[in-house]
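Scroll down for the structure; my scribbles are underneath it.
Coordinate-derived values only; no laboratory data. Not measured: the values here are computed from a predicted model. Neighbour counts are summed over all protein chains in view; Cβ atoms, including those assigned to glycine, are modelled from backbone coordinates with ideal geometry.
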Amino acid sequence: MDKLIITGGTQLSGELRISGAKNAALPVLAATLLCEEPVSIGNIPHLHDITTTMQLLGQMGIQLTIDEKMNIEVDSSTITKYEAPYDLVKTMRASILVLGPLLSRFGEANVSLPGGCAIGTRPVDIHIESLIKMGADIKVEAGYIHAKAGRLKGCKLVLEKVTVTGTENLLMAAVLAEGVTVIENAAKEPEVSDLALFLNKMGAKITGIDTDVLTIEGVSKLDAKNIHYDILPDRIETGTYLVAGAITRGKVKLKNTRPDTLDAVLDKLREAGATITTGDDWIELDMYGKRPKAVNIRTAPYPAFPTDMQAQFTAMNSIAEGVGIITETVFENRFMHVQEMQRMGADIQLESNTAICKGSEQLTGAPVMATDLRASASLVLAGLVAKGETLVDRIYHIDRGYDHIEEKLAQLGGTIKRIPK
Ligand code: EPU
């Protein structure tokens, strides 16, 4: 397995271009299953999860062509199988996103249950129960969700919890359903809105985008021709590089991003002492020579502070001035990075879903590893300020969700190298 070796101590400075959002690209690629004509998707990030999604669609018989600019053209007219097998789903939970579109367009879907996950139990009960309400016949047998339906029927769905991929699956299912579907307590994450905008571009009729009530008037087919859609910039990648700038007391400018999707994160960076300047599609963070101040964080669905930025802020708090309290409310087990940071000298106390971080003057480099994507990224951030060398193992997690992280950090002056297996 590849490893990253980081020598800490450099103040990061310079400019970087942010990639397309992983968590928007995955549902948009799944949504191409709904269109009867070929569609082209741009601003696709270079990530393992994208390769897995292409494999998933490819093994269904779908034709995918990719050009040198990472535009992917998808033609779903050649589909032969309606299945997401265990060997792909186990490496990428987001494979569950094919359930809604397969069932809605082809009346059949066999999707492996995602199973356990490093950050919590992550059930998909809301996806399944809501599809049953829309008229699907669903059996869970031998680790698979077997779903069948005639034309799904629009209805009112009040989601018990705010779920991002749950909202996305139901949105895709509702687009071709008969009648009107109303999804209440829908997720408002920008990636959900990006999917809805893409679906509308293909001919869907969705209103209430960016709110927690989505109304979908079903259409009989999506057959818009010559569609090209560019994926939204990645707000979590953006946030991660902003923290990289702040934690190293540096100054970074991130281009091709969307400041309006990062309000809660930018507020917390300001509170930590950073000067933030924004334009329509760029953000500059200036923390030059200043030690960050510890901040309190409480994760919650958008527009509150994202759980996907919690680990990175834990890293920043671990070297900040003062004490920061981090409360994780979205996933029950998302503090896997804490023990590794403690091995680097961080003073963090865990009490159920709360981490109390007392900032240390200095962390020390150590061999570390993590079992999920954002936790791995937070260890890279800790390594950038630690004294000496940090060796981050199991970085296939990072490659799932960060486009060329070592090249991007090196571009900002970080000392980081990939060691191939
Ligand atoms: N939940 C249920 N039942 C369901 C669905 C969800 O109880 O049927 C619970 C979950 O267990 C969790 C909460 O609802 O406690 C929220 O989970 P959600 O369904 O929103 O998470 P997700 O859709 O599986 C997406 C992102 C995650 C991100 C979360 C929260 C994608 C592909 N994944 O996951 O991203 O953390 O929303 O914002 O969009 C990452 O990129 O590193 C990542 C983990």
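Quick notes on this structure:
- A straight Cα-to-Cα reach below 12 Å connects K188 with the aspartates and glutamates E168, D210, D212, residues fewer than 8 places away in its own chain not being considered.
- Net charge of neighbours whose Cβ lies under 12 Å from the Cβ of E108, counting Lys and Arg as +1 and Asp and Glu as -1: +1
- Rounded to whole Å, the principal axis extents of the Cα atoms in the chain read 63, 45, 41, largest first.
- For the chain, built as a Gaussian network whose Cα springs stay under 10 Å, the top-fluctuating residue of T78, T32, T215: T78
- Magnitude of the charge dipole, region 382-421, Cβ model with Lys/Arg +1 and Asp/Glu -1, debye to 20: 100 debye
- For region 143-264, average projected area of the Cα convex hull in nm²: 10.4 nm²
- Helical contribution to [θ] at 222 nm, DSSP H n ≥ 4, -39,500 (n - 2.57), averaged over the chain, rounded to 500: -9000 deg cm²/dmol
- 0 to 90° range, to nearest 10: angle between helix 48-58 axis and the chain longest Cα axis: 10 degrees
- GNM top mover of E108, E237, E15 - the chain, alpha-carbon springs below 10 Å: E15
- Region 21-114: chymotrypsin sites (Phe, Trp or Tyr not before Pro) in DSSP coil with no more than 14 other Cβ atoms inside 10 Å: none
- The chain - percent relative contact order, Cα under 8 Å, separation 6 or more: 22 percent
- Rounded to the nearest 20, the size of the Cβ-charge dipole of the chain about its Cα centre is 580 debye, with Lys and Arg at +1 and Asp and Glu at -1.
- Cα shape, region 33-121, gyration tensor, a/c 1.5 rule: oblate
- The lysines whose alpha-carbon is closer than 16 Å to the alpha-carbon of K358, local same-chain residues fewer than 8 away aside, are K293.
- Spin-label proximity, D67 to region 6-45 - amide N less than 16 Å from point 7 Å beyond Cα toward beta carbon: 38-45
- Averaging the sequence gap over all C-alpha pairs within less than 8 Å and six or more residues apart, then dividing by the number of residues, gives region 300-421 a relative contact order of 23 percent.
- Paramagnetic label zone (point 7 Å from Cα along Cα-to-C-beta, K225; backbone N under 13 Å) in region 28-44: 37-38
- Within-12-Å neighbourhood charge of P27 [Cβ basis; K, R +1; D, E -1]: -4
- DSSP-defined beta bridges in the chain - what % are antiparallel, rounded to 5: 70 percent
- Farthest towards the positive end of the charge dipole of region 14-147, among the residues L57, L97, I79, is the Cα of L97, using unit charges on the Cβ of Lys, Arg, Asp and Glu.
- Of K90/K156; K251/K290; K69/K255; K156/K205; K3/K387; K205/K225, those spanning more than 21 Å from alpha-carbon to alpha-carbon: K90/K156
- Restriction of the chymotrypsin sites (Phe, Trp or Tyr not before Pro) in region 252-337 to DSSP coil positions whose beta-carbon has at most 16 other beta-carbons within 10 angstrom yields Y288.
- Take every Cα pair under 8 Å whose residues are at least 6 apart in sequence, average their separation, divide by the length of region 262-341, and the relative contact order is 27 percent.
- Rounded tilt (10° steps) of 190-201 against the dominant C-alpha axis of the chain: 30 degrees
- Here the gap between E389 and V213, fully extended at 0.36 nm per residue and compared with their Cα-Cα distance, gives a gain of 58.5 nm.
- Of the trypsin sites (Lys or Arg not before Pro) found in region 200-236, those that fall in a DSSP loop while having at most 11 other beta-carbon atoms within 10 Å are K225.
- Rounded to 0.05, the FRET efficiency of the L350 and A118 pair, given R0 = 22 Å and the Cβ-Cβ distance, is 0.90.
- Dipole of the chain, positive direction: furthest Cα of M134, H46, G359, with charges on the beta-carbon: G359
- 0 to 90° range, to nearest 10: angle between helix 164-175 axis and the chain longest Cα axis: 20 degrees
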